[in-house]
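The numbers here are math on the coordinates, done by the rules we state, and not lab data. Bear in mind the structure is a predicted one, so any value in this text is a computation, not a measurement. Every residue, glycine as well, gets a Cβ built from its backbone with ideal geometry; the counts of neighbours run over all protein chains shown.
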Amino acid sequence: MRISTKLLILLIISVGLVMLIAGLLSLKQYEIALEHATRDELHAHAVTLQIALEEDYAAERVSEAQKLIDRLRENTEIYAVLLFDEKENLLNESQPLTEETLRRPPELREVLSQNRQSYTVRVIDGKRFASIVLPMRIDGKTVGAVELVKSLDGIENEILFARLYWVLTLVLLLAVIFAIVYFVLRRNLSVPINSLLKATEAVGKGDFAHQVAAASRRDEIGRLAAQFNQMAENLNEQNRAAREETENRLRLERELRHNEQLVLVGRLAAGVAHELGAPLNVIDARAEQIQNRADITPEKKQRNLEIIRSNVARITHLVRQLLNLARPFNLNIARVNLSASLKIALEQIEENAEASKIEVEFSAADNLHVKADPNYLQQVWLNIFINALQEMPDGGSLLLRAFTDEDFAVVEISDTGKGIPDEHFVYLFDPFFTTKDIGKGTGLGLPIANRIIEEHGGKIKARNHETGGAIFAVYLPLSPN
Ligand code: ADP
């Protein structure tokens, strides 16, 4: 329910209640006043009649008394006049049609014996009548009584009319109050609150330019609306600044990425040039010997040709590795037993390890299986193993561990070499990043291994052991049973 409706209902109920109570009280007062007026009027008539009758009776002018009664009956709204003697007998009645029940008022005896007047309201056949009985005295002796009866129909009608009038006034007043309060509440509460609500919704949806019209009002709502507009303006400003900042950042990031790409392309080109340059020089020199030296022996010629072929093989190998980095893989995913796959790779480096006095330790559960292409996997193991061996030319130990981590199988390959300098971690997987001498490293082993593992949905993490030596952890998706 709206606040204005609630206020309106509350106001109408409280005003209605107050008016109802006040109205009922004043109606009651009006009723009492009317009854008093009727009683006083009746009493005045009765006393006048009593004096006149007492005089007529004293002068024994009974017929005069009758006339008086008739005139009173004609000229006033008196319903009936009754005359009694001291023995309670009805002597005279103005109205022959007076009902039987009215003819002998129950108070008559008391009036005659105690010589005092009585006033009562009687209900006869559902109608109300006011009755006053007065004693008549001649020379200090009670000789009878006179009763005046007046119908209360008149005042009842008046009371009814007063009630009707009051109900109408109440309804009219409530309607006027309702209309005024409704108009005031609508203008001062509903309309501005609604415009504030609409503005809040608009700002919530991101329309910070929305302004509340109620801000021109000179009340609390006006101040609230002005504050709201100020807030929306601030938000608009902040939003614009944030958008600008984001755009700037994006632009900078784009530029940076572009620069990084340029650096990478430069390094790639330099690497390729360097790696190809050395064997091409050798090939050129040997070919030149064969071509230009007339005295070259067949053995020497044969040897030069062998050197040329081995350098061509080196170039071919390099080109194949480069292609591995660039072209999309066509993986033949199978369920690979991890420990078996690692053992095959270990066999291939066994001799080299022995030659360098490197101890190999292997601990992996037999039932670990991964989803992988077995051939590509061999390439990954070999690249990492060879790096480790190269780091330990004077002996050491190569430790292999395989375990599970959530949905992945992890193979940790750690060595006891020098470890990786902190500043090299960012370049570790970049193509052509190498710290090795010419001919020993191309800087393609780790990027190729990384690319293969990423294609499998896994990752490679490198870190140093606290006691020295590097640890390469290879994550591969597990192949459940
Ligand atoms: P390459 O072996 O031809 O240099 P890689 O991409 O395999 O190329 O390795 C890049 C570089 O990472 C290496 O030159 C070396 O500096 C560092 N690296 C790789 N493996 C290890 C390791 N086990 N210990 C210390 N450094 C390593």
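Brief remarks follow.
- Kirkwood analysis of region 73-196, using all unique Cα-Cα pairs, places the hydrodynamic radius at 18.6 Å.
- Kirkwood Rh, Cα atoms: Rg over Rh of the chain: 1.72
- With semi-axes defined as the square roots of five times the eigenvalues of the C-alpha gyration tensor, the equivalent ellipsoid of region 257-336 measures 36, 20, 6 Å, largest first.
- In the chain, helices alone account for a calculated mean residue ellipticity at 222 nm of -20500 deg cm²/dmol, with every DSSP H run of four or more residues adding -39,500 (n - 2.57).
- Angle between the chain longest axis and helix 220-292 axis [Cα atoms, degrees, rounded to 10]: 10 degrees
- Pairs of C-alpha atoms in region 349-481 farther apart than 17 Å represent 59 percent of all such pairs.
- Average projected area [Cα convex hull, region 357-411], square nanometres: 4.3 nm²
- Evaluated at q = 0.09, 0.12 Å⁻¹: base-10 log I(q)/I(0), Debye formula over Cα of region 301-413: -0.34, -0.57
- Computed from the alpha carbon positions, the gyration tensor of region 135-215 leads to an equivalent ellipsoid with semi-axes of 74, 11, 7 Å, biggest first.
- Two-decimal ratio, region 118-265, of alpha-carbon radius of gyration to 2.2 N^0.38 Å: 2.87
- Here the average projected area of the convex hull drawn through the C-alpha atoms of region 186-291 stands at 9.4 nm².
- Selection of trypsin sites (Lys or Arg not before Pro), region 1-35, meeting DSSP coil and at most 16 other Cβ within 10 Å: R2
- Its Cα gyration tensor gives region 340-385 an equivalent ellipsoid; the semi-axes, largest first and in whole Å, are 21, 13, 7.
- Cα-centre dipole for the chain with unit charges at Cβ (Lys and Arg positive, Asp and Glu negative), debye to 20: 1700 debye
- For region 404-481, the set of GluC sites (Glu not before Pro) satisfying both a DSSP loop assignment and a count of at most 15 other C-beta atoms within 10 Å is given as E406, E466.
- Inter-centroid distance (Cα atoms) of region 244-266 relative to region 40-81, Å: 124 Å
- For the listed peptides 12-20, 333-341, a ranking on the average number of other beta carbons within 10 Å per residue, highest first, reads 333-341, 12-20.
- Low-density loop cleavage sites - chymotrypsin sites (Phe, Trp or Tyr not before Pro) in region 297-387, where at most 16 other Cβ are within 10 Å (DSSP): F329
- Debye log10 I(q)/I(0) for region 440-481, one point scatterer per Cα, at q = 0.32 Å⁻¹: -1.04
- The radius of gyration of the Cα set in region 1-141, together with its Dmax, comes out at 23.4, 84 angstrom.
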